[in-house]
Amino acid sequence: MKKALSIVLSFILMLSVVPVGTIGVSAAEDEVIEIRTIADLYSVNNNMSGNYKLMNDIDMTEDTSVGGDWDFMGNGWEPIGSDGIYGNIPFTGTFDGNGHKIIGMRINRNITPSGAGTIYLGLFAKNEGTIQNLGIDETSIVAEGDYSSGICAINSGTVLNCYNKAAVSSSTNNSYSGGICGYNSGNISNCYNEADVSAKYYSGGICGYSKSGTINDCRNTGNIAVTLTGNTVFSGGICGFSESGSFIDCYNNGSVSSSVSRIYSSSSSSGINYSECSVYSGGICGSSGSAVNNCFNTGAVTSSADNSCTSSYPNGTVSATAYIYCGGICGSSSNDITSSYNTGVLSTSGTSTADNTYRNDYSTSSRPTTKAVAYSYAYMGGVCGTLTGGTISNSYNTADLSSSIEATARYYTVYEDYVSKQWVNKYRTYQSSITTGTIKQLGGIVGKSNGEIKGCYNVGKANYGIQETGTGSISNCYYFSSAGSSNTGAKALTSAQLQLEMCMPKFDFENTWVIDQTTEYRYPQLINNRQEILPPPLLGDVDGDGEVSIIDTTCIQRSLVDIPIDPYNETTADVDNDGVVSILDATWIQRYLIGSEHPAGIGEPII
């Protein structure tokens, strides 16, 4: 794939340096300290501003296993800069992985050292310098930190050309997990994550939380999840939550899910007993204050919430509200989103329950002066769930949107009646004091927008073709006539019309958009952000290698004598289109290869 290739090329183009110096000795500015063993690696703690180069892969499998030579307190590897208490002394030098990787690194905090506060886990605790050309392999594991990642728990420097394949997880409350870093305020470039990442607050394939900085040319293929019994959670294929900065040329094709469950109860004697929870999921970012440019998502994105509020007192109101945000690019955004698209499946679900129970053991008919209120809101968009500011331009969505939400409210009196010499509970429900509501705002591009949407299109099913509600404007947009209800500023088109430039005169087909009828996807694509879709097969390309050659005739011959062939495409083998693959088809391919007479279409895409 194009972005994966850029990462590979970056590794190939590493700068060579001449090694001098030894571990543990202060290095001159141009001195390179070679790292060859796990002891060398740990000695980086002695000079956190040095210039280091990894000379080979380091296998930590035995050393950081339970009871191993580098197993600290049973917790495995102690991150560089942790100072023995899992702190975050910053690394300010340069660490060049030189294309090598760390194998079998285990960090699983089961015991907290004396004096420890917040726990920072990763190969490094904190980076303020440069970490580059380094990989963490799939046999590694990082778990149970407040800030957890494969490369560094916190980054305020530069991370370049790095990857993580180690599973990263945390079950601590208010945790930050990311494949590359847990928390970012620096720059991350040409990095990728292929591992599962989970947390209880912020979770992302590259970083859990990004305060500022640039994240560019990064990708995630791991499954990203955040689950919490509490108030608010954020997850994203690249980042869970961002305050500012930018995401450029990033993509996700791993699944992204956020789930929150809140159970709140009180025995307060009066007032309002109120419970609220929110959940954010996005293919690129759960909730974004960053500008997004040239990004895409192909992974499934889901958001779910279950909020329950119960109480038992004579007077007052019990209220439960759930807010659910989900978007192909961002669950919510306050900044610009440009030249981006979503093809991943999107779904939301949620339930809010308000249960107000008035108990009076001596009353047989009194009506309580209480109320129960429950609301569930789903904000969902093919590109963004809610757009609170900024502009979405030159972007599109192909996925259908689905949502299932409920709201239940009830209160009742409970009194005891003497029947057959036994006290029996009886219940009465008063519907007049119950308020419930479910609101689904599902738009092909945005669910609710207070910003601007321009130059976009949608082919996925939603309530509205472009946006459902909000004060924002729509201009120069298109959508499938069967996708949803109409929007002012957007034009409904049929499938056939959406494949013709003439039907979309507001699109710039010279500089921004292209329609390529040789690909499987024949609607407009972004010139600088093409879909990673294989072209249709060629007639006669039996082995599926993208060209017709003498090997294809051999594949046909072998199949006819029942010799297994893999891959083998019978549809492309029937070049004379007579419904049967025979030796004649192999002959026709041979004639095509030497330029002799043959059936039409051999070597051309099957449309």
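Each reported figure results from applying straightforward, stated rules to the coordinates on display, with no laboratory input. Everything numeric here is computed off the predicted structure, so don't read it as measured data. FYI the Cβ positions are ideal-geometry reconstructions off the backbone, even for glycines, and counts take in every protein chain you see.
Measuring between alpha carbons in the structure, the pairs from Lys53/Lys126; Lys53/Lys101; Lys371/Lys448 lying more than 22 angstrom apart are Lys371/Lys448.
Couplings for segment 52-63, taken from phi via the Karplus curve 6.51 cos²θ - 1.76 cosθ + 1.60 with θ = phi - 60°, read 10, 9, 7, 9, 6, 4, 10, 9, 9, 3, 6, 5 Hz in order; Gly and Pro are left as x.
Per-residue 3J(HN,Hα) values for segment 509-525, derived from phi via the Karplus relation 6.51 cos²θ - 1.76 cosθ + 1.60 with θ = phi - 60°, read 8, 9, 10, 10, 10, 8, 10, 10, 6, 8, 9, 5, 9, 10, 8, x, 10 Hz in sequence order (x marks Gly and Pro).
Taking the empirical scaling 2.2 N^0.38 Å for compact globular proteins as reference, segment 191-296 has a Cα radius of gyration ratio of 1.21. Each peptide in 37-45, 329-337 was scored by the mean count of other Cβ atoms within 10 Å over its residues; highest first, the order is 329-337, 37-45.
For a modelled paramagnetic label at Asp516, 7 Å from Cα along Cα-to-Cβ, the residues of segment 322-344 in reach, with backbone nitrogen under 19 Å, are 339-344.
The order of the peptides 54-66, 454-466 by mean Cβ neighbours within 10 Å, most packed first, is 454-466, 54-66.
Summing +1 for each Lys or Arg and -1 for each Asp or Glu among the other residues whose beta-carbon sits under 12 angstrom from that of Asn110 gives 0. Cα centroid separation, segment 112-169 to segment 475-536: 42 Å.
Across every direction, the projection of the convex hull enclosing the Cα atoms of the chain has a mean area of 39.4 nm². Counting only DSSP beta bridges whose two residues both lie in the chain, roughly 5 percent are antiparallel.
Using the rule -39500 (n - 2.57) for each DSSP H run of four or more residues, divided by the residues of the chain, the 222 nm mean residue ellipticity is -2000 deg cm²/dmol. When peptides 467-479, 217-229, 554-566, 579-591 are sorted by average Cβ neighbour count within 10 Å, with the highest value leading, the order is 217-229, 467-479, 579-591, 554-566.
Residues whose amide H falls under 5 Å from that of Ser169, counting only those 5 or more places apart or on a different chain, are Val142, Ala143, Glu144, Ser198, with hydrogens built in the peptide plane. Other residues with beta-carbon under 12 Å from the beta-carbon of Asn45 carry, at +1 per Lys or Arg and -1 per Asp or Glu, a net charge of -3.
How big is segment 536-607 by the Kirkwood estimate over distinct Cα pairs, in Å?
11.7
Each Lys and Arg contributes +1 and each Asp and Glu -1, all at the Cβ; summed about the Cα centre of segment 1-222, the dipole is approximately 760 debye. Shown in residue order for segment 167-179 are the 3J(HN,Hα) couplings computed by the Karplus curve 6.51 cos²θ - 1.76 cosθ + 1.60 at θ = phi - 60°: 4, 10, 8, 7, 9, 7, 5, 6, 9, 10, 10, x, x Hz (x for Gly and Pro). Assuming charge only on the beta carbon of Lys and Arg (+1) and of Asp and Glu (-1), the dipole of the chain about its Cα centre is about 3160 debye to the nearest 20.
Rounded to the nearest whole angstrom, the semi-axes of the ellipsoid equivalent to segment 1-222, taken from the Cα gyration tensor as √(5λ), stand at 23, 21, 16, largest first.
For segment 164-230, the square roots of the Cα gyration tensor eigenvalues, ordered a ≥ b ≥ c, give a/c of at least 1.5 with a/b no greater than b/c, which places it in the oblate category. Taking the charge dipole of the chain about its Cα centre, with +1 at Lys and Arg Cβ atoms and -1 at Asp and Glu Cβ atoms, the residue from Ser308, Ser395, Asn75 reaching farthest to the positive side is Ser308.
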